[in-house]
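Visitor: My questions will all concern the structure given below.
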Ligand SMILES: [Mn+2]
């Protein structure tokens, strides 16, 4: 087992070096003047203007904000708050990604390094001004249920070219055909935000293409048994490993293009998309990407993935939005608050435990597709909901803990 361990150490060293190089590169280029091909300001006026106010100079579309380029980002982007009673087996088995004890420090550090090199916290999408879509069709967590994905596209009478599909993440894992979902999504040019399961598959693939390239499955099993895999949420018994091995280069490039947060152009600038949720105490460019992909509740320590502590993140968010709409309160909000951003409505997924959650400011679309519930679409304009029934694939995820 000495060789794989040496490879792991080398991998961590390489990740550190690449992170530093990326930071240096973006430090230099973030300070160059905007390029001549900067977009018409009318297409991105609100969010872009606010981003400039935060010290960033987007110069190409879609706007992609490199985590390493923003000096104010937290250093530790992945450190998960872990609670002793953190038990989400009722809604998303396998979502526990941090073991939460001192033995996991090495794994947590490796994950943190990966996060720091992740280039896409936020993408601000734009439309072709000559061919803007007639409808936006947001779709909840598909989890490999490609037949239901196709059924839902039929049910909403999806038309390529005039409809833009936007997935809230977790295309993969749990269900029967993750690769089929990725390829279908790419074939219809769907936009997507990165779900925690998409992210885990990407990390597996980076490991298998890197330090794990010469390891057999039994080598990897040995590393898992000894707690020596680079990420604490890697489990051979879950589907992510096989999905990662099955990705074509096109598949991989497509899912790696998913940003953690996505903002939308006019006339949808009040909408933002994220897989898990947003932390209402932080401006958009200071969100923690791990929290954005995993949060369900917010307690006194901040976002948590559990339902058991604190309150639903969307209730905290709604309370915050209510304060922002009070004319008397802006002076108490701080210069880098949500008040700087034009959006106020969030489309998200991830919370099968609570199921479909349609509130004024937040639209939660995970309606338990993979557990025999529905797959749901939310359509703009009009805020119409369309659902199709799903079989219970739960048998395939019994080992995904
Ligand atoms: Mn999820």
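The values are calculated or read from the model by the stated rules, or taken from the named source; none is laboratory data. A quick note: this is a predicted structure, and the numbers were derived from the prediction, not measured. Quick reminder, even Gly has a Cβ in these numbers, built from the backbone with ideal geometry, and neighbours come from all protein chains shown.
Visitor: Go through (1) without any contact (Cβ under 8 Å) to a residue 12 or more places away in the chain; (2) within 21 Å of the chain's Cα centre (by Cα) and name the single condition residue 376 misses.
Guide: (1)
Visitor: If I filter the range 315-333 for residues that are within 26 Å of residue 198 (Cα to Cα), crowded, with 17+ Cβ neighbours inside 10 Å, modelled with pLDDT of 95 or more and touching a strand residue (DSSP E or B) at 6+ places or on another chain (Cβ under 8 Å), do I get at least one hit?
Guide: No: zero hits.
Visitor: Please find, within the range 186-203, the residue that is farthest from residue 274 (Cα to Cα) out of those that are part of a helix (DSSP H, G or I) and more than 16 Å from the ligand (Cβ to nearest atom).
Guide: Looking at residues that are part of a helix (DSSP H, G or I) and more than 16 Å from the ligand (Cβ to nearest atom), I get 187.
Visitor: Here's a follow-up. Out of the range 154-166, which residues are part of a strand (DSSP E or B) and more than 18 Å from residue 381 (Cβ to Cβ)?
Guide: Answer for the range 154-166, where residues must be part of a strand (DSSP E or B) and more than 18 Å from residue 381 (Cβ to Cβ): just 160.
Visitor: Looking only at the range 210-221, decide whether some residue is in contact with a helix residue (DSSP H, G or I) (Cβ under 7 Å, 6 or more places away or on another chain), within 16 Å of the ligand (Cβ to nearest atom) and either part of a loop (DSSP other than H, G, I, E, B) or without any contact (Cβ under 8 Å) to a residue 12 or more places away in the chain (or both).
Guide: no
Visitor: Another one. I'm checking my understanding of the structure. Among residues of the range 354-367 that are within 14 Å of the ligand (Cβ to nearest atom) and under 18 Å from the mean Cα position of the chain (by Cα), which one is surrounded by the fewest Cβ atoms within 10 Å (Cβ to Cβ)?
Guide: Selected residue: 367.
Visitor: Separate question: Give the number of residues within the range 161-175 that are in contact with a helix residue (DSSP H, G or I) (Cβ under 7 Å, 6 or more places away or on another chain) and either within 17 Å of residue 386 (Cβ to Cβ) or surrounded by fewer than 17 Cβ atoms within 10 Å (Cβ to Cβ) (or both).
Guide: 1
Visitor: If you don't mind, there's one more thing I want to ask. Picking from 374, 344, which residue would you name as being under 23 Å from residue 197 (Cα atoms) and either surrounded by 15 or more Cβ atoms within 10 Å (Cβ to Cβ) or modelled with pLDDT of 95 or more (or both)?
Guide: Residue meeting the stated conditions: 374.
Visitor: Out of all the residues in the range 167-180, which are in a helix (DSSP H, G or I) and either in contact with a strand residue (DSSP E or B) (Cβ under 9 Å, 6 or more places away or on another chain) or within 13 Å of the ligand (Cβ to nearest atom) (or both)?
Guide: The answer is none; no residue qualifies.
Let's see how each residue does on (1) more than 16 Å from the ligand (Cβ to nearest atom); (2) in a helix (DSSP H, G or I); (3) in contact (Cβ under 8 Å) with a residue 12 or more places away in the chain:
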position	(1), (2), (3)
253	yes, yes, no
268	yes, no, yes
277	no, no, yes
282	yes, no, no
290	no, yes, yes
293	no, yes, yes
303	no, no, yes
308	yes, no, yes
315	yes, yes, no
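Listed here are the residues, each with its yes/no results for (1) in contact with a strand residue (DSSP E or B) (Cβ under 6 Å, 6 or more places away or on another chain); (2) closer than 20 Å to residue 263 by Cα; (3) modelled with pLDDT under 95.
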{"residue": "358", "(1), (2), (3)": "no, yes, no"}
{"residue": "367", "(1), (2), (3)": "yes, no, no"}
{"residue": "386", "(1), (2), (3)": "yes, no, no"}
{"residue": "391", "(1), (2), (3)": "no, no, yes"}
{"residue": "397", "(1), (2), (3)": "no, no, yes"}
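Visitor: Then there's this: Quick test for you: out of 158, 207, 234, pick the one residue that is under 27 Å from residue 278 (Cα atoms) and either surrounded by fewer than 17 Cβ atoms within 10 Å (Cβ to Cβ) or more than 16 Å from the ligand (Cβ to nearest atom) (or both). Reasoning before the result, please.
Guide: On the way: 158 fails: under 27 Å from residue 278 (Cα atoms); 207 fails: under 27 Å from residue 278 (Cα atoms).
Exactly one of 158, 207, 234 is under 27 Å from residue 278 (Cα atoms) and either surrounded by fewer than 17 Cβ atoms within 10 Å (Cβ to Cβ) or more than 16 Å from the ligand (Cβ to nearest atom) (or both), namely 234.
Visitor: Would you confirm, using the coordinates I've provided, whether residue 247 is at pLDDT below 95 and away from the ligand (no atom under 16 Å from the Cβ)?
Guide: So residue 247 fails the test.
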